[in-house]
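Working notes for the structure below.
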Amino acid sequence: MPQVVNPNHRTNRLLAVLEPEDFAALEPHLEIIELTRGRVLYDAGEIISHAYFLHDAIISLVNVMEDGATNEVAVFGREGVVGLLSALVTREAFGRYVVQMSGTASRIPFERLNEVRNRLCCTDWRVGNWHWVT
């Protein structure tokens, strides 16, 4: 019998280790979505509208060459967040973000994520070796 998965925001390891008050500020803006294999979340240069905290999906960041060939630059899983770095630097996708393995993710509009970050102005978000000091 197939296993029924009950997605939870804290399945993502970054969200799981946030301080309770930081997570509580984000949670109302998070939505759980299904990601299907082959779906392109963003193409190079597109404006990042959401950050994706993956649960059990896997996403590749690939560069598309002039001849159409691709090379994989990064892989994201439940320990990461897709789109955040691009959104913080230029608001544009660094490459093509493609779902390699179907699954679920917690998605948050970048504007909401930024509002929460700004509201928690004196917080040092310490997530493993990743720091987001505001």
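The values are calculated or read from the model by the stated rules, or taken from the named source; none is laboratory data. Here the structure is a predicted model, which is why all the values come from computation and not from measurement. FYI the Cβ positions are ideal-geometry reconstructions off the backbone, even for glycines, and counts take in every protein chain you see.
Of all the residues that make up the stretch 94-123, how many are hydrophobic (A, V, I, L, M, F, W, C), in contact with a Lys or Arg (Cβ under 6 Å, 6 or more places away or on another chain) and part of a loop (DSSP other than H, G, I, E, B)?
So in the stretch 94-123, the residues hydrophobic (A, V, I, L, M, F, W, C) come out as 94, 98-99, 101, 105, 108, 110, 113, 116, 120-122.
Now drop any that are not in contact with a Lys or Arg (Cβ under 6 Å, 6 or more places away or on another chain), which leaves 99.
Add one more test, that the residue is part of a loop (DSSP other than H, G, I, E, B), and what stays is none.
So the count comes out to 0.
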Practice item. Name every residue in the stretch 78-93 that is under 23 Å from His9 (Cβ atoms) and part of a strand (DSSP E or B), in order of residue number. Key: Val81, Val82
Point to revise | Pick from the stretch 107-134, criterion modelled with pLDDT of 80 or more and not charged (D, E, K, R), ranking: nearest to Leu54 (Cα to Cα) | key: Ile108
